[in-house]
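Notes for the one structure printed next.
Every read-out reported here was derived from the displayed coordinates using simple, explicitly stated rules and does not represent laboratory data. Because the structure is a prediction, the values reported are computed rather than measured. Virtual Cβ from ideal backbone geometry, glycine too; neighbours counted across all protein chains shown.
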Amino acid sequence: MKKTTKDLNTFIKVEQKYMVKVLDKFRKKKIFSKFFPLGGFPIIAISEDDEMIVEEILKDMGINYEIKKTKTDIIEEMLKF
């Protein structure tokens, strides 16, 4: 089943200088993700289903990251700001 923005319930914080490289890598691996400026800090939203693969990719790239799950989807979380 194809994922939509409503499926994005986890977000990743990485340094801004790595943002484009990380997004490109996710797209090459066919991981549905989106970039959002959540609370003034850019994040990458993913589905929790892809969390293990994403962590592996980021570790292979040698990038420090922080992953947080949201209580709802990313759209509802953004509306809180």
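Per-structure values
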quantity: Candidate lysines for bridging to Lys2, where Cα separation is under 22 Å - those fewer than 8 sequence places away on the same chain excluded; calculated: Lys25, Lys28, Lys29, Lys30, Lys34, Lys69, Lys71
quantity: Protection proxy ranking of 59-66, 6-13, 22-29 - average other beta-carbon atoms within 10 Å, highest first; calculated: 6-13, 22-29, 59-66
quantity: Convex hull per residue volume in Å³, alpha carbons only, for the chain; calculated: 83
